[in-house]
Amino acid sequence: MHFDPAVLVDYWPLLLQGAWLTLQVSVAALVMGYVAGIAVALIALVPGWLPGLVTGCYVETLRNIPFIIILFVVYYGLPFCGIRLPATLVGTTALALFASAYYAEIVRAAILALPRGQFESARAIGMSPMSAMWHVVAPQILRALVPPSTNMTLTMMKESSVLSSITVPELTYQSLVVQGNTFAPFEVFAAVASIYWLIAVVIAEASRRLERRVGAVQAEAVSRNRIADRYLSLVARRT
Amino acid sequence: MGFKLNYLLSILPRLIGAAAVNIRLAVIIMLFALALGTALTIVRSLKIVAVNACIAVVISFVRGTPLLIQIFIAYYVLPAVGLDLSPEVAGVSAIAFNSMVFVSESMRGGLATIDAGQIEASTALGLPPHAIWLKVVLPQLFRRIVPVLINEATIVVKGTALLSVITVVDVLRTAQQIASASYRPFETMIGSALVFLVINLVISLSGRVAESRFAAARV
Amino acid sequence: MSAPPVLRVSNLTKRFHGVTALDKVYLDVHAGQIVALIGPSGCGKSTLLRCLTWLEQPDDGFIEVAGKPLGRELMPGGVVRRQNRRQIDALRPQVGIVFQQFHLWPHMTALENVVRPQTVVLGRPRDEATRRGIELLTRLGLADRMDRHPHALSGGQKQRVAIARALAMDPALMLFDEPTSALDPELVGEVLAVLRALAGTGMTMLVVTHEIGFAASLADRIAFMDHGRILEEGPARDIMAAPKEPRLRNFLDLVRADHRIVTTTVTPTE
């Protein structure tokens, strides 16, 4: 067994094409999923038991089913309803559907974490619920949304690899193509994993910058005894 | 063509039968993930700089790459280095490895919530490190991360559906086999979605019961 | 007869999970009056204010603001019609409320807190709203604090911004929920001065408070509430001097005794 990156030399363009599609699909699903997620979160907050029940079922159903199953349900469900779309669009829709449940929970939690009085004072003065959300609630929760949304977007970007199973030519699909042509699994998957890893690191870093721009991060300093620290933390001491 | 509920009901028994495969694999994976995750946490606590640096890279790798790619690595790459594993074993190792990292990461989070005074007291009493781990830290830690472990269990169950891609005959692969014979893929997929939904809801609910038991026991 | 009262509450009833918080409340507040609503905690005072701003929906009864029904109206033929959200929102600026915790919007400056609702709710042009905001904040002694965010203001300053925010909507009526309770005791005199100055402009006010002294020195009329009902209502002097209702007498005695204890225990340390 030897590691020979040269076998990939003809296949880099294919892998990069796949990576580019992975990025495009992830961004499109992020936008679609977030819009849907905000809508679900807002419906969930409408008073009464029915909106909560309906949105609760939506969220729990999507969260408890493997994404690959959601993907196939959408893949076979759209033609079943007479809708025929290219595989890439089907995959993006399924990905957005899947992510929307998580985004909805993120948005809902952030809104609920804000003191009720903020929304109520806007309502009492005569703002409509949407105006109160836009002028008073949204600007205050924006920063709190960034870290969990980034986490979810990373998860979603990774889940997009499953789109390979409905022949969407994204990165994982291309890696299987290259693997079939070269029979060099080590090289292929090392390269592909590195590309995913790189995308993840870039997204995480971008989110950190975004968070800093949206507002200063309040770091919580926890001071502790050194002996206890030996057991209760995993941070390596530099000497 | 309309939705055939009768057809859906007729295939449910086969899908539920196949679910036994997913559940069995998920249990094995969780056991490995727990044991390895705990071991990894203890190794990290030794704070050997070089070791922890390597572990950090591995963790970043596992968190930064898709589970499906990790499964492919176990399935395609391990045989190339002489480890010829069956699809099931390859898949279980990949998901267990992935889950191990997340278990260890949540244990790290749990450690931060344990009262430092207890450790000082235990050290003052002269307890050796392994006793501090076994008698003081770990029992509290496990109790604290029960909700995380329950969540991890549902993620593992969902992960087992990916094993169909490497030819493990689980719920999804069974559904695909049924659908290719009946030409009713939509109903079949709805059926497998229901199977997973029920499994995971049962796990979440029993987790909530266990949590309230633990909460009661702590009072 | 004279003009209709600025606020007319009739038969207002509110239940929470079977517990009656408001029990057939009747209350009139006429133009230019200051009415203090007193009573023990949990008596329904705050619930009444929340109903008057429709943050809480009463189960029964009617509210009229400056002659216009709020939330629910009686149609000819005795049919009760629920107003839709737009109708309610349109009337809400007429009822200014200053919350106990003020609920200023922390991401806006003091001035923006006052300007934004005018532009959003009343559709005022921004420069007109700004002019109005500056005028109000200046009148309330905040000319040099307008560009600060709420976290950089003292409690009393926050309260005055909240008052300006409500006044900018040109309300017919101002509601105050426990205006002294979130502030240091030595600021009570300041709050009193601000509210009195407001009264000087002819503003109609309903002030919920548990501070009897504050109520007595501010209000024209006092209403006493207990167990969700208004038990006694009348000119402030009469209520303080000769309470008829035994529960009110009891309450006044208790509060006065409390006050004595507080003053006697505090004095030596000062």
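The values are calculated or read from the model by the stated rules, or taken from the named source; none is laboratory data. Model, not experiment: these values are computed from the prediction. Cβ: placed from backbone, ideal geometry, glycine included. Neighbour counts: every protein chain shown. Surface accessibility is based on the protein's heavy atoms, side chains included, excluding ligands, DNA and RNA. Shrake-Rupley method; radii C 1.70, N 1.55, O 1.52, S 1.80 Å.
Across the range C:229-242, coupling constants 3J(HN,Hα) worked out from phi with the 6.51/-1.76/1.60 Karplus curve, θ = phi - 60°, read 10, 8, 8, 8, 8, x, x, 4, 4, 4, 4, 6, 7, 9 Hz, and Gly and Pro carry x. Taking a quarter of the surface of the Cα convex hull of the range C:127-270 gives a mean projected area of 10.8 nm².
Accessible area per residue was computed with a 1.4 Å probe on protein heavy atoms; B:D170 scores about 0 Å².
Tell me the total accessible area that A and C bury against each other, 1.4 angstrom probe, in square angstrom rounded to 100. Interface area, both chains combined: 1600 Å², rounded to the nearest 100.
Given a 10 angstrom Cα cut-off, can you work out which residue in A:A28, A:A124, A:A193 is the most mobile in a GNM of chain A? In the Gaussian network model the winner is A:A124. The three principal axes of the Cα atoms in the range A:88-156 give end-to-end lengths of 47, 22, 14 Å, sorted in falling order.
What the pair-distance distribution of chain C shows, using all Cα-Cα distances binned every 5 Å from zero, is 1, 6, 12, 16, 18, 16, 13, 10, 5, 2, 1, 0, 0, 0 percent. List residues of the range C:100-133, by number, whose backbone nitrogen lies under 15 Å from a label position 7 Å along Cα→C-beta of A:L114. Counting only backbone N, you get C:103-109, C:113, C:117.
Relative to one another, the C-alpha centroids of the range A:47-119 and the range C:66-125 are positioned 34 Å apart. Within 10 Å of each Cβ in peptide B:17-24, how many partner chain Cβ atoms are there on average? Round it to a whole number, please. Average neighbour count from other chains, rounded to a whole number: 0.
In chain B, the longest principal axis of the Cα atoms and the axis of helix B:49-64 are about 20 degrees apart.
Annotation: extensible slack from C:R126 through C:M75 equals 14.5 nm (criterion: 0.36 nm per residue apart, minus Cα-Cα distance).
Heavy-atom accessible area with a 1.4 Å probe sorts A:W49, A:W197, C:W105, largest first, into A:W49, A:W197, C:W105. Pairs of alpha-carbon atoms within less than 8 angstrom and 6+ residues apart define the contacts here; what relative contact order does chain A have, in percent? About 28 percent, as a whole number.
Relative to the dominant Cα principal axis of chain B, helix B:171-182 is inclined by about 10°.
Per q in 0.07, 0.08 1/Å, what log10 I(q)/I(0) does a Debye calculation on the alpha-carbon atoms of the protein assembly as shown return? With one equal scatterer per Cα and no solvent, log10 I(q)/I(0) is -0.70, -0.85.
Solvent-accessible area assigned to carbon and sulfur over the range B:5-218 amounts to 71 percent, based on a 1.4 Å probe. For the protein assembly as shown, the solvent-accessible area works out to 47 Å² per residue, with a probe of 1.4 Å and every protein chain left in place. The C:D60 and C:R85 beta-carbon pair, evaluated with R₀ = 22 Å, returns a calculated FRET efficiency of approximately 0.65. Extents of the range B:1-43, taken as max minus min of Cα coordinates on every principal axis and listed largest first, are 58, 18, 8 Å. Helix A:67-80 and the long axis of chain A differ in direction by around 90°, with both axes built from C-alpha atoms.
On the basis of the beta-carbon distance and an R0 of 35 Å, B:L12 and A:E60 show a calculated FRET efficiency of 0.95. Other residues with beta-carbon under 14 Å from the beta-carbon of C:A215 carry, at +1 per Lys or Arg and -1 per Asp or Glu, a net charge of -2.
Label positions at C:K68 and A:V201, each projected 7 Å from the Cα along the C-beta direction, are separated by 6.2 nm.
Ellipticity at 222 nm from helices only: DSSP H runs of n ≥ 4 in the protein assembly as shown, each -39500 (n - 2.57), divided by the residue count, give -20000 deg cm²/dmol.
For A:Y75, the solvent-accessible surface with a 1.4 Å probe is about 80 Å², rounded to the nearest 10.
Using C-alpha pairs below 8 Å separated by at least 6 residues, the relative contact order for the range B:1-133 is 32 percent. For the listed residue pairs B:K47/B:K158; A:K158/B:K135; B:K4/B:K158; A:K158/B:K4; C:K45/C:K244, the alpha carbons are over 32 angstrom apart in B:K47/B:K158; A:K158/B:K135; A:K158/B:K4. Compute the accessible area of each residue in the range B:26-52 twice, once for its chain alone and once with every protein chain present, using a 1.4 Å probe on heavy atoms, and list those whose area falls by at least 20 Å². Buried-area filter returns B:R44, B:S45, B:K47, B:V49, B:N52. Computed over the alpha-carbon pairs of the range B:5-218, the distance histogram in 10 Å steps reads 8, 27, 30, 21, 10, 3, 1, 0 percent, short to long. Here the range A:11-238 is treated as a Stokes sphere of Kirkwood radius computed over C-alpha pairs; at 25 °C and 0.890 mPa s its diffusion coefficient rounds to 121 µm²/s. Interface area, chains A and B: about 4500 Å² of buried accessible surface, summed, with a 1.4 Å probe and ligands, DNA and RNA left out.
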